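Here the structure is laid out as C-alpha cells; the discussion comes afterwards.
Where a number appears in this text, it was derived from the coordinates with a stated rule and is not lab data. Treat the numbers as computed from the prediction; the structure is a model and nothing was measured. Note that we place each Cβ from the backbone using ideal geometry, even for glycine, and neighbour counts take in every protein chain shown.
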2 protein chains.
Amino acid sequence: MSTGRRSKFLLYICRMNRLQLIQQIEQKKSYLCVGLDTDITKIPKHLRSHPNAVFEFNKQIIDATKDLCVTYKINTAFYEALGLKGWEALEQTVNYIPKDIFTIADAKRGDIGNTSAQYAKAFFETLNFDAITVAPYMGEDSVKPFLEYDNKWTVVLGLTSNTGSKDFEQLNVVNQVTNNEEFLYERVLRKVSEWGTPNNLMFVVGATKARDLEHIRKIIPEHFLLVPGIGTQGGSLEDVSKYGMNKDCGLLVNASRAIIFAGENENFAEEARKVAQEYQKEMSGYFTKA
Amino acid sequence: MSTGRRSKFLLYICRMNRLQLIQQIEQKKSYLCVGLDTDITKIPKHLRSHPNAVFEFNKQIIDATKDLCVTYKINTAFYEALGLKGWEALEQTVNYIPKDIFTIADAKRGDIGNTSAQYAKAFFETLNFDAITVAPYMGEDSVKPFLEYDNKWTVVLGLTSNTGSKDFEQLNVVNQVTNNEEFLYERVLRKVSEWGTPNNLMFVVGATKARDLEHIRKIIPEHFLLVPGIGTQGGSLEDVSKYGMNKDCGLLVNASRAIIFAGENENFAEEARKVAQEYQKEMSGYFTKA
C-alpha cells in the first residue's frame, strides 16, 4: 500500500494528535500514564478464578482512574505470556479505553523494514493504538514504517530506567563530524529526531535518570517524553517535572505496579485510584508552574 | 519462581540442546533455517479464502521442507498483524513443527528485567520455542531472564542485514579499557557473550555483511550464528559459509521469502521444496569441507 493511500485510509481511525493530547493534559491537569502491566499472579485473589481475569482487572482499573490520567500504556509482555487468551485480553483492553485517552502499546518492537511494517499494521491498524514503543538498534528502516502513519506516534527508546542502560546506551560513541564523544543514547536522540517530527515521534527517557533530562531537553526541546521509572523503580516525579517539562508539558510520566497493585483486596480499584490521585495532585502543582 | 525450580520444571519441555542441534546438522547435511514470514497477502490465491489460511500454508511448507532444513524461524510480526487469528496460527504452527527441528521465535523482544521475564515465559513456556531473538539496546537485565532457562536459546542481535545497521550498530564506540575504538556491534558481541555460553546464546549476523564474519569469528569463535539475508536480501551463501563456519558448523542460515514464496500456484509447496533443496545441496558441499 502506498503511503498516500495508507494515510487516507487511516484518517478515520486516528485517535489523537499532538494538539488533542496537550488539550487533554491541560483539562485534566495531569500527565499521568497508567501502565497496565497486568501480571495475573499479582492481581487480587478474588479475581484470579474469573474466566476473563486480566480484562476484568483492567476494566476496573480503567474505570477508577480514567479521569486522572491522560494515557494508558499496555505492556504486551504480560499478555503474550498468557498466549491466545492474553492477546484477547489485550484487544479487549485497548477497545475499552475511552477514545479521548491516549493509548501506548509498550511493545518495544523493531526489525528490518518489511517486518516493522507488519508490526506497525498490528498495533496501529489491527489494534488501533495511538502509539507504540520501538527499539532503535537496527536503525532507520526499522523505525520508518511506524512513522509513515498519520496521527500515530512512534516512541523510540532513548535512555531507559533500568540498570542495564549502562551497558550500551551510555557507551561513549565518536561523533564523526565533530570528532567529540557523546553517549550512544544521545546519538540515538539526535539521529532518530531527523526521521520524524515532534508531531509523530516521542522518546523513552527513564525517571531514574531525571538529572539527565536537563541535558536531554537541549537535544530534543520539543518532543514528548514517555518517562517510566517513578513508583516501584524509585524515580522522583518532582525531578522529572523540574528537568523534563517544556512549554507544552511534553511529559507522559508512567507508573505501573505502584498504581495497579496498590491494593490486594476487593477494593483494589479504589486503592489504585488513591495512588493515581496523589500523582495527579502532585502533577497539577508542577503543571501550573510550567 | 526461582531459577532452580524453573530449570527443573522445564526439563520436560526442553526441545533441543547444542549437541542435538549439531547432530541434526550432520545428519541432514544442512544448516538451513526456513523463515516462516507468512504474509497473508503473498500466499497463493487459492489459499487466501481458507478459514485458516496462514496455518494451512505453513503446514504445507513444513511438510515439503522438513527433511531439508534444521530450523524454522517464525517471524512474529506477520502473525501479530492478523490479531487474535494470527496468534492462533502462530501457536498451531510451532506445535506442528516436528520436535527434532529447532524452532526460533523471531520476535526481537527486550525490556526491563521483570518484563523480559514475561517475554521469556511467553515464548519458552506458553509457546515452547527453542529460541527467541532479542534486541540488546537495554543491556544486561533485559537479556538475562531469557538466559535463565535450561536448554533454551537466546539469539541476540549483533550485526543485522539491513541498511539501517549503519546508523547505530556500526558506530565507533570507545573501549574504556584499551581506549581503542570498536564498532558498537563488536562491543555487543563481546559484552553479551559474557552473560551466556555457546550452549545457550547465539547471535544474529546478517549475510549481507559476510566478509565481516571472518573478523566476527575472532570475537565469538564458538557461538552459533543465525544468519538472515541470503535470498531476497542478496547475501551470498558461499561467503557466509567460507567466513562464518566453525568446527561445529556454527551456522543457521535463514531464507524466508526466497523459499516460501517461490511459487504462486497450487504447487507452491513443491516450488518451495525445490529452492530449499538447492540451498541444502549447496550447503552439503561447504559442510563436507568444514
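Couple of notes before you dig in:
- Distances, shortest first, from the label point of B:Arg190 to those at the same position in the other copies read 2.3 nm; the point lies 7 Å along Cα to C-beta.
- The phi-based Karplus calculation (6.51 cos²θ - 1.76 cosθ + 1.60; θ = phi - 60°) puts the 3J(HN,Hα) values of segment B:196-205 at x, 10, x, 8, 9, 9, 10, 10, 8, 9 Hz, whole numbers, x for Gly and Pro.
- Most to least packed among B:70-76, A:190-196, B:270-276 [average Cβ atoms within 10 Å]: B:70-76, B:270-276, A:190-196
- Out-of-range pairs (alpha-carbon distance over 22 Å; input B:Lys73/B:Lys152; B:Lys121/B:Lys247; A:Lys42/B:Lys191; B:Lys121/B:Lys144): B:Lys121/B:Lys247; A:Lys42/B:Lys191
- Approximate shape of segment B:136-258 as ellipsoid semi-axes (Cα gyration tensor, √5λ), whole Å, largest first: 22, 18, 14
- Equivalent-ellipsoid semi-axes for the protein assembly as shown (Cα gyration tensor, √(5λ), whole Å, largest first): 39, 27, 23.
- 5 angstrom amide H check on B:Leu36, placed H, neighbours 5+ away: B:Lys73, B:Ile74, B:Asn75
- Legend: mean number of C-beta atoms from other chains within 10 angstrom of residue C-beta atoms, peptide B:82-89, equals 5.
- Shielding of A:64-76 by partner chains, average beta-carbon count, 10 Å: 1
- Proximal aspartates and glutamates relative to B:Lys274, as straight alpha-carbon distance under 20 Å, when same-chain residues fewer than 8 apart are discounted: B:Asp37, B:Glu56, B:Asp63, B:Asp67, B:Glu238, B:Glu264, B:Glu266, B:Glu282
- Of all the options A:Leu184, A:Leu157, A:Leu21, the one that moves most in a Gaussian network model of chain A with Cα springs shorter than 10 angstrom is A:Leu184.
- Per-residue packing, averaged as other Cβ atoms within 10 Å, sorts the ranges A:41-53, A:159-171 into the order A:159-171, A:41-53, beginning with the highest.
- Each copy carries A:Glu278; placing its label point 7 Å along the C-beta direction from Cα gives inter-copy distances of 6.5 nm, listed from smallest up.
- Looking at segment B:157-290, the DSSP beta bridges with both ends there are about 30 percent antiparallel.
- Test item: A:171-180 mean partner chain Cβ contacts at 10 Å: 3
- Among A:199-207, B:240-248, the order from most to least packed when residues are scored by Cβ within 10 Å on average: A:199-207, B:240-248
- Between copies, the label points at A:Ser49 (set 7 angstrom from Cα along Cα-to-Cβ) are spaced 4.8 nm, reported in nanometres from shortest to longest.
- Helix runs (DSSP H) in chain B reaching 27 Å along axis by Cα, Kyte-Doolittle at least -1.0: none
- Each DSSP beta bridge with both residues in the protein assembly as shown is either parallel or antiparallel, and the antiparallel ones are about 15%.
- Helical mean residue ellipticity (222 nm; -39500 (n - 2.57) per DSSP H run of 4+; nearest 500) of chain B: -12000 deg cm²/dmol
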